[in-house]
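Peer 1: Could you have a look at this structure, given as structure tokens, before my questions?
The values are calculated or read from the model by the stated rules, or taken from the named source; none is laboratory data. This is a predicted model, so every value here is computed, not measured. All Cβ positions, glycine included, derive from the backbone under ideal geometry; neighbour counts span all protein chains shown.
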Amino acid sequence: MIELIAVIILTGILFSFGSVLLGNVFSGYALKRDTTDADWQAKVALERMTRELRAVRSATAAELDIASAAQVRFVDTDGNGVCFYRNAAANRIMRSADGPATACGTTNPQVLADNITSLAFTYWRSDGTTAALVTEVYYITVALNVVEGSYSSSFRTNVRPRNF
């Protein structure tokens, strides 16, 4: 009888260590999955924004709107309107076919990435100071934060439009 109780106690101890170990394996897997998914989405969205911002047609008020740090609206070299913005209600980066003359999100909005908690655009002059006028813009900084599960990361890139 004592041997049976000892075996039951030892088995219980082994199972408790095993369950803790297994729990750590599953939480590590979940963190890795969240990290991979969030990084992938953010990088793909940032790459698309970078590629399209390089194609801004000109640094004029009619073709580039720098009035907001939360969105960018411009006309590309093919004459198409483009707007990148964050849908705060859904934590998404969106792209729409709206240029400086229309409001973002009214024409064909598309989701670029989920779980984006912030998106900011900064406009710079060639000497590294902040541009106050659209004709002073030399390059654009795009910064975003992504959060998924317990994972959080920041991404930032500088874009030099070809036609400036």
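Peer 1: Please specify each residue of the stretch 3-39 satisfying the condition of being surrounded by 12 or more Cβ atoms within 10 Å (Cβ to Cβ) and hydrophobic (A, V, I, L, M, F, W, C).
Peer 2: Listed by number, the residues that qualify are Ala30, Leu31, Ala38.
Peer 1: So, one more: What number of residues in the stretch 121-137 are β-branched (Val, Ile, Thr) and under 24 Å from the mean Cα position of the chain (by Cα)?
Peer 2: The total comes to 3.
Peer 1: Further, regarding this structure: Please enumerate the residues belonging to the stretch 42-85 that are within 20 Å of Leu112 (Cα to Cα), under 21 Å from the mean Cα position of the chain (by Cα) and of a type in the set (A, V, I, L, M).
Peer 2: Answer for the stretch 42-85, where residues must be within 20 Å of Leu112 (Cα to Cα), under 21 Å from the mean Cα position of the chain (by Cα) and of a type in the set (A, V, I, L, M): Ala42, Val44, Ala45, Leu46, Met49, Leu53, Ala55, Val56, Ala69, Ala70, Val72, Val82.
Peer 1: Out of Ser118, Ser58, Ser19, Ser68, report the one residue that is farther than 24 Å from Glu148 by Cα, out of contact with any Asp or Glu (no Cβ under 9 Å at 6 or more places or on another chain) and either outside any loop (DSSP other than H, G, I, E, B) or of a type in the set (Lys, Arg) (or both).
Peer 2: Of the residues listed, the single one that is farther than 24 Å from Glu148 by Cα, out of contact with any Asp or Glu (no Cβ under 9 Å at 6 or more places or on another chain) and either outside any loop (DSSP other than H, G, I, E, B) or of a type in the set (Lys, Arg) (or both) is Ser19.
For every residue, the table says whether it meets (1) in contact with a Pro (Cβ under 9 Å, 6 or more places away or on another chain); (2) on the phi > 0 side of the Ramachandran plot.
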residue: Arg48; (1), (2): no, no
residue: Leu53; (1), (2): yes, no
residue: Ala69; (1), (2): no, no
residue: Asn80; (1), (2): no, no
residue: Asn91; (1), (2): no, yes
residue: Met94; (1), (2): yes, no
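Peer 1: If only one of Asp34, Asp98 is outside any helix (DSSP H, G or I), touching a Gly at 6+ places or on another chain (Cβ under 7 Å) and among the acidic types (Asp, Glu), which one is it?
Peer 2: The unique qualifying residue is Asp98.
Peer 1: Check off (1) out of contact with any Cys (no Cβ under 9 Å at 6 or more places or on another chain); (2) under 26 Å from Trp40 (Cα atoms); (3) not in a strand (DSSP E or B) for Gly105 and give me the number that stays unchecked.
Peer 2: (1)
Table: residues versus (1) farther than 30 Å from Thr35 by Cα; (2) at pLDDT below 95; (3) surrounded by 15 or more Cβ atoms within 10 Å (Cβ to Cβ).
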{"position": "Ala62", "(1), (2), (3)": "yes, yes, no"}
{"position": "Tyr85", "(1), (2), (3)": "no, no, yes"}
{"position": "Met94", "(1), (2), (3)": "no, no, yes"}
{"position": "Thr102", "(1), (2), (3)": "yes, yes, no"}
{"position": "Gly105", "(1), (2), (3)": "no, yes, yes"}
{"position": "Ser118", "(1), (2), (3)": "no, no, no"}
{"position": "Trp124", "(1), (2), (3)": "yes, no, yes"}
{"position": "Gly149", "(1), (2), (3)": "no, yes, no"}
{"position": "Val159", "(1), (2), (3)": "no, no, yes"}
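Peer 1: Can you spot a residue in the stretch 128-147 that is out of contact with any strand residue (DSSP E or B) (no Cβ under 6 Å at 6 or more places or on another chain) and within 30 Å of Ser27 (Cβ to Cβ)?
Peer 2: No, the stretch 128-147 contains no residue that is out of contact with any strand residue (DSSP E or B) (no Cβ under 6 Å at 6 or more places or on another chain) and within 30 Å of Ser27 (Cβ to Cβ).
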